[in-house]
Amino acid sequence: MRPFSSGTSNPVHADPILLHKQKLTQWFSHLPKEEKQFGVLFSPESMHVDPLILERNPKESQNVDTWMKDVGVNDYQSSLTTEQLFDPVPGSYTDRGHNVVLYGSVGTGKSMVVRKLVLDWCRGSALSQFELVIPFSCEDLSLLGRPASLRQLVRRKYLHLRDTPLLSGEGALARQVLFIFNGMEQMKLDFRLSTTELCADPDEPLPAGTILVNLFRKYLLPEASILVTTRLSALDRIPGKYVNRYVQICGFNNPDQQRAYFTSRLLHHASGEQPSQEAEALLRMLYLNLQSESQLAAACFLPSYCWLTCATLHFLHFTDAKAPIRTLTGIYTSFLRLNFGGEVLEASSRLGGAGGSEDQQGSSLMYYVAQTVGKLAFDGVNYKRTCFSEEELEQWIGGKTKTDEELRQLAVFQTDVLDFFLVPYVGSSRPGEDVGETRYVFAIPAMQEYLAALYVVLGENKTVLEKLGKQASEAIGQASEDLTSLLNILSKFLPLRIFAIFNLLKMFPSLYRRVSGHGKGRIARTMAAEMFRKEDQFNADVLDQVEQSVLGVQGPLPQERQEKEAFELYPVFMGGLLSYGNRVLLDQLGCTIKSTAVAQITSTLKKNLVKESQKHQPPEEMMDLLFFLYEFQNPRFTAEVLGSLKAISLARVRMTPLKCYVLRCVLSCAPSKHLLKELDLSSCHLTKDLLETLGPSLLRARSLNLQFNNLGPDACPQLKELLLDSRCQIRTLRLCDNSLLEPGVSCLLEALSENRSLRHLSLMHTGMGDGGARELAARLRDNKGLEELNVAYNAIGDSAAVQLVDTCREHPTINTVHLYLNQLSEAGKQSLHARAQRGEGPSRRVKVLASVTEGGELSEDWHPILGIIRQNCTSWERPRVREQLLLFLRDLEGGRRQTRSLAKKLYFRRVERDVKQTLRMLEEHSIAVLKGCTN
């Protein structure tokens with residue numbers, strides 16, 4: 001909230017107050033760039049949900065956990081609106097303005113309340129008793145380098161108010177003025193008369209802090225009112241005698257407030273159109289999780305965590321090719337920048353814990369968070385833990401504090417920062433834990449993995465040798481060639497047990513270079529090892545893991561997941577933190593990652609990643625790898641890793657708009673000449689919209705497997721365009737078990753005449769029927785490249801099947817046609833068998849797979865036919881498959897009786913056993929499904 005005047009000239013007759021309202025409306029309606037990820041333009045009014053605001057003594061609010069639990073029904077009934085903040089206070093002076101302190105912990109929505117209050121005043125719907133409202137950012141005031149008067153401060157920020165008489169100090173004109181100071185914890189106010197001089201002149205230049213103190217004292221413009229927002233730790237900076245009213249902002253303390261916030265975000269449309277059913281279903285699932293007293297509900301009492309949750313859901317479910325590029329790591333980094341951007345530890349603070357012996361004066365607050373809270377998070381990831389005791393918090397965060405100043409600064413850190421990241425665990429105690437002991441978890445589970453990744457990437461996970469490497473390097477550089485001088489310098493800070501090592505470093509500089517670069521290599525190896533951790537293969541892919549942490553898990557968790565926590569997002573965050581965009585944001589937070597370090601990590605990571613990716617990876621881990629490459633945002637690195645991949649199998653991975661977008665972005669980094677042998681997207685729940693999101697990425701494979709998806713006739717125009725694309729080199733296309741139906745198949749087949757790459761086409765169980773088979777026969781006359789055609793299980797009758805086989809016999813390249821599980825009579829099968837054997841004139845001999853028998857003989861292709869049926873029988877229509885299997889048994893029994901050869905009889909018996917085994921498997925699956933439905 002940093003308004004600046006443009007300084008443009010305005011008509012002399014313009015009302016400065018009216019102009020002030022117009023400019024404030026423009027400034028305060030402007031939202032940060034982080035809001036652009038939601039895809040539509042929001043207004044503060046459409047997003048705002050009033051948090052709970054209570055008039056409360058600060059002594060009651062020192063412990064955040066206590067006041068969260070103490071909020072009850074009566075508190076909601078007595079909650080204040082922003083309009084009531086300046087109502088008369090009993091016992092206060094009527095001739096003086098009111099001083100109101102609005103306090104709350106980090107992320108409770110103080111800045112949003114101020115934004116809404118200012119905009120309401122500009123519209124005339126609030127604070128009508130004030131003619132002039134002047135907001136200031138205390139962060140800006142704290143950075144002023146030279147003294148300035150009150151009127152100069154106002155003029156510097158709001159040029160159009162330079163001549164307003166309301167700030168002259170004459171009479172009681174200032175009664176109509178309200179000053180708003182947002183973020184008072186950014187300033188050091190000193191109310192001691194010995195250090196802060198008195199001043200009643202609004203034109204006298206003074207330090208900004210002194211002006212604020214005199215405004216609070218009512219020595220300067222006593223009639224003016226003041227609203228100041230601050231965190232809990234800074235409440236004691238203003239003596240209570242100068243405050244007329246304390247009001248606490250308590251955030252969203254019930255699911256209804258949280259639901260209202262998510263509704264305004266996820267269901268809002270600038271065009272006024274109705275929200276999609278998917279968005280409404282998503283909101284219902286989220287609300288159920290909030291109502292279940294989950295850990296998410298405990299975290300979302302902070303509106304800032306509501307924002308993070310909403311941003312994550314929007315990223316997971318509403319990403320499309322038209323949206324600006326956004327990464328999950330970028331969302332978390334932006335979240336921390338919005339809450340802690342630019343903040344530093346106070347001077348003279350020497351907080352314990354990591355780096356406790358180093359002077360932290362002027363250092364970044366976020367960097368200290370990475371050192372302490374990040375160390376705690378890393379320890380949890382390392383040992384597969386998410387819950388921490390109070391003793392563990394003291395160990396990692398408190399450290400060895402001794403002085404009163406250090407204890408005070410630690411208390412500030414714990415109140416303002418630690419309680420923001422760690423909240424009490426709301427679930428039941430785990431085996432071996434003390435029931436009465438309070439356990440703490442990260443408010444959002446993924447935040448633990450993010451901070452652990454930040455801790456590692458910043459190089460804080462060092463060995464003793466690495467920690468002392470910089471000091472040793474400086475000492476060696478300053479020392480002369482005299483060995484005695486070198487020993488004297490090193491002995492001041494090096495333990496004797498490693499003293500000999502650094503003597504070797506002096507004698508062999510190449511050894512030192514290897515030691516100094518060892519940390520970067522270990523970071524890269526850690527990332528690669530964590531991505532392919534064998535014991536985590538039972539987990540869902542990382543995107544499903546994130547979704548489950550937000551929406552909850554329906555039903556009981558598998559026992560294996562209860563025993564061990566999964567941290568598959570941890571290496572993904574490490575990669576995302578190394579991307580250029582995130583490094584820029586981290587640099588603003590004081591967490592600098594040098595480009596040279598990124599280059600070293602990237603070089604080592606590429607070697608490890610290429611080596612691991614060449615091994616066979618389960619589909620879920622392959623999706624994790626793709627997501628890691630997307631978060632890394634390094635096209636050259638991605639292209640080199642993809643160069644080692646021959647195939648990508650995502651079979652049975654539940655694809656979402658985001659996963660399709662990730663796959664598309666990653667494959668677009670590969671050079672156009674690089675083609676995958678196979679892209680397997682079978683059983684991925686693909687729809688027309690997801691197919692559209694995938695777009696040209698489908699052209700990156702020679703074999704494209706789209707079977708067992710939710711593609712209908714509406715997806716066929718996209719598939720047609722895919723086959724007609726001049727870049728298409730797809731040789732095998734599998735579309736079986738998609739309900740394309742006759743209209744869809746007819747549309748798709750229009751591409752056969754111009755496509756030159758396709759060799760194998762599978763349309764098994766697509767509902768094409770006789771009409772689709774005849775359409776296929778007609779289109780094949782213009783095609784010159786197909787070699788194999790699978791139209792099994794499509795309700796094709798004798799006439800259409802014969803027509804199709806005759807056309808295939810005349811085709812120059814087709815050699816195999818699959819026609820089993822169709823509605824073929826015995827006469828039709830015999831006719832097809834006879835036609836397949838003839839190769840007279842222009843007609844060619846074509847292999848026709850129609851049944852496991854061919855007349856009185858076994859078909860040489862009975863094994864692949866039965867294998868395909870066994871593979872798919874549980875997903876096909878069981879009565880239809882059972883009927884076909886019984887027909888196979890009848891044909892086999894008849895063929896066995898006709899033959900006199902004992903060897904052939906035994907061969908028939910073997911095939912009969914395989915058919916009966918498939919039939920039993922089908923019946924057992926039917927019973928299991930029935931029991932599941934009953935339960």
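The values are calculated or read from the model by the stated rules, or taken from the named source; none is laboratory data. Please read all numbers here as calculations on a predicted model, not as lab measurements. Positions of Cβ are backbone-derived with ideal geometry, glycine not excepted, and every protein chain shown enters the neighbour counts. Quick note on the areas: whole protein, heavy atoms, side chains included, nothing else; ligands and nucleic acids left out. Shrake-Rupley method; radii C 1.70, N 1.55, O 1.52, S 1.80 Å.
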Checked segment 161-208 for anything at pLDDT 90 or above and among the β-branched types (Val, Ile, Thr); matches are Val177, Ile180
Counting only residues in segment 228-245 that are out of contact with any Ser or Thr (no Cβ under 9 Å at 6 or more places or on another chain) and not charged (D, E, K, R), the one farthest from Leu166 (Cα to Cα) is identified as Ala234
Residue hits (segment 661-675; open to solvent by 20 Å² or more (accessible area, probe 1.4 Å) and assigned to a helix (DSSP H, G or I)) are Arg664, Cys665
For segment 141-160 the number of residues that are within 40 Å of the chain's Cα centre (by Cα), in a helix (DSSP H, G or I) and modelled with pLDDT of 90 or more is 2
Restricted to segment 605-623 and to residues being crowded, with 19+ Cβ neighbours inside 10 Å and in a helix (DSSP H, G or I), the residue modelled with the lowest pLDDT is Ser613
Any chance segment 388-395 includes a residue that's open to solvent by less than 30 Å² (accessible area, probe 1.4 Å), assigned to a loop (DSSP other than H, G, I, E, B) and modelled with pLDDT of 75 or more?
yes
Picking from Leu451, Leu410, the residue that is open to solvent by less than 60 Å² (accessible area, probe 1.4 Å), at pLDDT 75 or above and more than 24 Å from Lys520 (Cα to Cα) would be Leu410
Note: among Arg654, Arg734, Arg727, just one is under 23 Å from Cys808 (Cβ atoms), at pLDDT below 95 and of a type in the set (Lys, Arg), namely Arg734
Exactly one of Pro3, Pro11, Pro16 is modelled with pLDDT of 80 or more and more than 17 Å from Leu308 (Cα to Cα), and that one is Pro16
Q: Check segment 599-609 and report whether any residue there is small (Gly, Ala, Ser) and under 19 Å from Glu449 (Cβ atoms).
A: no
Requiring at least 3 residues that are modelled with pLDDT of 75 or more and open to solvent by less than 30 Å² (accessible area, probe 1.4 Å), the helices (runs of 4 or more DSSP H) wholly within segment 29-88 are none
Among Val106, Val100, the single one that is more than 38 Å from the chain's Cα centre (by Cα), under 15 Å from Gly183 (Cα atoms) and in the same structural domain as Val177 (by the TED database) is Val100
Do we find a residue being at pLDDT 75 or above, assigned to a loop (DSSP other than H, G, I, E, B), under 28 Å from Thr766 (Cβ atoms) and not small (Gly, Ala, Ser) anywhere in segment 851-869? yes
Filtering segment 787-819 for residues that are surrounded by fewer than 20 Cβ atoms within 10 Å (Cβ to Cβ), assigned to a loop (DSSP other than H, G, I, E, B) and of a type in the set (A, V, I, L, M) leaves a count of 1
Some residue of segment 309-328 being surrounded by 18 or more Cβ atoms within 10 Å (Cβ to Cβ) and at pLDDT below 80: yes
If you go through segment 138-150 one residue at a time, do you hit one that is over 27 Å from Arg231 (Cα atoms) and touching a helix residue (DSSP H, G or I) at 6+ places or on another chain (Cβ under 6 Å)?
no
Taking segment 712-745 and the residues there that are touching a Leu at 6+ places or on another chain (Cβ under 9 Å) and small (Gly, Ala, Ser), the one that is most open to solvent (accessible area, probe 1.4 Å) would be Ser739
Scanning segment 127-137 for residues that are open to solvent by less than 10 Å² (accessible area, probe 1.4 Å) and at pLDDT below 90 gives Leu127
If we keep only residues of segment 860-905 that are small (Gly, Ala, Ser) and under 28 Å from Ser926 (Cα atoms), then the residue most open to solvent (accessible area, probe 1.4 Å) is Ser875
Checking Glu742, Glu754 in turn, the sole residue that is part of a helix (DSSP H, G or I) and touching a residue at least 12 places away in the same chain (Cβ under 8 Å) turns out to be Glu742
If we keep only residues of segment 746-761 that are open to solvent by 40 Å² or more (accessible area, probe 1.4 Å) and of a type outside the set (Lys, Arg), then the residue farthest from Glu775 (Cα to Cα) is His760
